[in-house]
Number of protein chains: 2
Amino acid sequence: MRTDREPRRPVLTVDLGGTKIASAVIDAGSEVLARDHRLTRVDEGVEAVIGRIFEVVESLLKESNPGPSQPGSISIAAAGAIDSVKGVVTLSPNLPGWCNIPLRDQVAERFGMDTFLVNDASAAALAEHRLGAGRGTDNLIYITVSTGIGGGIVIGGQLYLGSSGAAGEIGHMVIDSGGPECYCGLSGCLEVLASGTAIAREAKKRLRDGQNSALIGLVAGNIDAITAREVSQAAQDGDRLAAEVVAQAAKYLGIGMAGVVNIFNPDIIVFGGGVSKMGDFLLDPVRRLVREKAFSISAQAVRIVTAELGDDVGLLGAAIFAREQKMGRQPDEN
Amino acid sequence: MRTDREPRRPVLTVDLGGTKIASAVIDAGSEVLARDHRLTRVDEGVEAVIGRIFEVVESLLKESNPGPSQPGSISIAAAGAIDSVKGVVTLSPNLPGWCNIPLRDQVAERFGMDTFLVNDASAAALAEHRLGAGRGTDNLIYITVSTGIGGGIVIGGQLYLGSSGAAGEIGHMVIDSGGPECYCGLSGCLEVLASGTAIAREAKKRLRDGQNSALIGLVAGNIDAITAREVSQAAQDGDRLAAEVVAQAAKYLGIGMAGVVNIFNPDIIVFGGGVSKMGDFLLDPVRRLVREKAFSISAQAVRIVTAELGDDVGLLGAAIFAREQKMGRQPDEN
C-alpha cells in the first residue's frame, strides 16, 4: 500500500449522505481545491453506492495535479453508527441495507491510499472546534438536528470517539420513556422526539386531526409533502400550529441539553443541521430550559450557539480527522 | 502557604457525606496509614460541620509522625455539584444549606497546606479506574446508586471534570419527562426514578395503596421505616412487591445506561453505592436492556460490573486526585 509520509498533503474527502455523495479535495489550510458529487441512490444497493464513491474519488484524483498537491489520503464521513477503529459502517438509518460494511478497507484497497472513516457528526464537531463556532474551547458538544439527530464530542480539544469509535450518539438517549419507538431500539429518545422527521410527523398528525394551519397552503393541500422546512417557515411566520410543533421539539431539545450540560459541563454546545437554521427561534427556548433546569454551575459555563460552517462541515471535519490521525501516527513528521 | 514539593508524601483525605465525615491518611501506595471520623450533623449548620472537618484533620495531623510520612496535602471528596476548579461546594442535596461554600480555601487557609476538592463519585471513578474494577480500561463510567445517583467519567485514562469541574452528573439526565420532580430542577431524571430514595418511595406508595408484602414484617409494620435496604432484601428473598419495585428501578437504570453507552461507547460501566450491593440481581436486567436497546457496536464493547473497592473508595479516589493534580503541576518531580 502506498503510504503518505507527508501529513500536509491535501486530503480527498467524501461525505456519504442518504441523498448525496459530496466530495472535495481539501488542503492543509482547509481550502477546497476541487469538488464533485453524485446522487447516492441508496435504493440501488450497497455495491452500486460504493461504485459511485469510487467514481467520485477517481474523478477528483484525475483532476489533481501530480506532485505535492496530489491528495495523500482519503477520508470519509458517513451518517450512522460507525466503527471508526475498524472502518466499518455498522448501521445507518440514512443508508438502508448498510449493515457491517467495511467501507474504509474497500476504498483503501481500491486506491492504495491511507483511508479513514468517521461519523459525520463527529467530523462536524471537529470542524466546528478547529475552524468554526468552537474555536478556542476545551470541551464542545456538537448536535446536528436534521432528518435525525447526531452528535459529536470534543474533550480537552480532542475528538472523543469512545472505545470502538462509535461515541457521540446523543440523539439516542431516552427523554420520554413512554414515547414513540425509534429505529435504534429505544423508545422516546431525543431523535424520535425532536428531529426534523419528528417535527414533520407531529405537524402532519395535528393537521390530520383537523387542526387548521397555514401549512396546508404551503404544500397546496398535500399534507404528505410537509417537511420540517415548511413547519419551520410557517412557525417563524406566526402560524400557531407550526409554532406549537417547533416549541415542543425545542422543549425536548432543552430537556436533553440540560442532561448533556449536567453530564459534560461543556464550554459550548454547537447546533448544526437543517433544522438548526431556525437559529434563535429554536435555540432561545433551549437556552432558557438549560438555564432553568441544569445545575447552575454548569448552566452558567455553557454557551449554546448555531454552527458557523456551512454544508462543507462534514468534508472539512473529515480532512482534519485524517490529518490528525496521521500526525498521531507520525509525531515527528508533523 | 507551605507547599509540598514531594507528590509521593501521604495525602490526608476527607469524605464528606450527609451522615459521616470519614477521614484517612493514605500513602502513595494507596495504603491507609491512619483513619478517623465524625458524625456530620448537618442540621447544626455549615460552620459547625466545617469545624468538625477541621477537628478530624487536626487529629490525624497530630497522629502522623513528622518527616516524610507527614501528609503533604489535604483532599476532600464531597457529594453534590462541586466546582473543583474553584474548590466550591455549589449545591449538595446531602448537605442542606451548603450553597456556594468555598470549602477548599477555608481548609487550605486553616492548615496552610495544598488542598483539593472533588465530587465523591468522580473520586470513586478515579479509584475504581486505578485500583478497582476498571484497571487497564481507557473509558470508564462510574455510577453510584445510593440515596441519590452520582456519576464519574474517565476518558482516555484521565478523570474528566468538564469546564468548571462539575461534570459527571449522570443521575440528572431525564429518562421520563413526565416523571416526578427532582430537587435538581428536572422532572423524571434518573435519580428521581431509580435511586435508593426512589426505590423506598415507590415501595411505601404501593404498601399504602394496600398491596401486601413481606416488607411490612421486616419493619414491624412501620412503613415509614422502609429504606432501599429492606426492599432489596425482600426482593432477593422473593417478595413480589419488592421485586417489582427493584425491577422498575433496574428498567430505568437500563434505559439510562443504553443512552450512556450510545453517548460514551465506554469500555466499562462500574456500579457502586449501597443499592448496587444487590449485584447481578440489579445489574442483569440493566445488562439485558443495554444489549437489546443500545447500538450493537457500543453494546458489544461495554462490560457492566459492580465496584471492587469498598467504603473507602471516595477516600482512595481523593488521594489519587490530589497526587495526580500535584504531578500535573510538577511534571519533572514525578
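Each value in this text was obtained by applying a stated rule to the coordinates, not by laboratory testing. Just so you know, these numbers come straight off a predicted model, no measurement behind them. All Cβ positions, even for glycine, are placed from backbone atoms using ideal geometry, and neighbour counts span all protein chains on display.
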Q: Bin all alpha-carbon pair distances of the range A:189-261 at 10 Å intervals from 0 and give each bin's fraction as a whole percent.
A: 22, 52, 21, 5, 0
Q: Express as a percent, rounded to the nearest 5, the fraction of DSSP beta bridges in the range B:133-306 (both residues included) that run antiparallel.
A: 55
(Q) Once the label point is set 7 Å along the Cα-to-beta-carbon vector, what list of distances in nm do you get between B:Q236 and its counterparts in the other copies? (A) 5.8
Q | Protection proxy ranking of B:147-153, A:284-290 - average other beta-carbon atoms within 10 Å, highest first | A | B:147-153, A:284-290
(Q) So if I place +1 on the C-beta of Lys and Arg and -1 on the C-beta of Asp and Glu, and nothing else carries charge, what would the dipole magnitude of the range A:135-306 be about its Cα centre? I want it in debye, nearest 20. (A) 180
Q | Percent breakdown of C-alpha pair distances by 5 Å bin, ordered from the shortest bin, for the range B:11-119 | A | 2, 13, 25, 26, 19, 10, 4, 1
Q. Binning every alpha carbon pair distance of chain A at 10 Å from zero, what are the percents per bin?
A. 6, 26, 32, 23, 11, 2, 0
Q. Ranked by Cβ crowding within 10 angstrom, fewest neighbours first, how are A:R9, B:R104 ordered?
A. A:R9, B:R104
Q. Just the C-alpha atoms of the range A:72-148: what Rg/Rh do they give, with Rh taken as the Kirkwood radius?
A. 1.02
Q: Only helices at least 20 Å long along their axis, Cα-based, and averaging 0.5 or more on Kyte-Doolittle count here, so list those DSSP H runs from chain B.
A: B:46-63, B:240-264
Q) What ³J(HN,Hα) values, in whole Hz, does the Karplus curve 6.51 cos²θ - 1.76 cosθ + 1.60 give for the range B:154-161 when θ = phi - 60°, with x put for Gly and Pro? A) 10, 10, x, x, 10, 4, 9, 10
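Within the range A:135-306, how many Lys pairs sit with Cα atoms under 20 Å apart, leaving out pairs fewer than 8 places apart on the same chain?
Details: A:K204/A:K251; A:K205/A:K251; A:K251/A:K277; A:K251/A:K293.
Lysine pairs meeting the criterion: 4.
To the nearest whole number, what is the average tally of beta carbon atoms from other chains within 10 Å of the beta carbons of peptide A:184-193? Each step should come with its number before you reach the end.
Numbers: counts 5, 10, 9, 2, 5, 5, 2, 0, 0, 1.
Mean partner shielding for this stretch: 4.
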Q) Taking the label point as lying 7 angstrom from Cα along the Cα-to-Cβ axis, what are the distances from A:P180 to the corresponding position in the remaining copies, in ascending order and in nanometres? A) 3.1
Q. How big is the Kirkwood radius of the range B:133-306, worked out from every pair of different alpha carbons and given in Å to one decimal?
A. 16.5
Q. Can you give the percent of C-alpha pairs in the protein assembly as shown whose distance is more than 47 Å?
A. 21
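When you look at the Cβ of every residue in B:87-94, what mean number of other chain Cβ atoms sits within 10 Å? Show your work: numbers first, answer last.
Values: counts 0, 1, 0, 5, 3, 0, 0, 0.
Rounded to a whole number, the mean comes out at 1.
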(Q) List, shortest first and in nm to one decimal, how far the label point of A:S59 (7 Å from Cα along Cα→Cβ) is from its counterparts in the other copies. (A) 7.9
Q | For chain B, built as a Gaussian network whose Cα springs stay under 10 Å, the top-fluctuating residue of B:L126, B:L283, B:L140 | A | B:L283
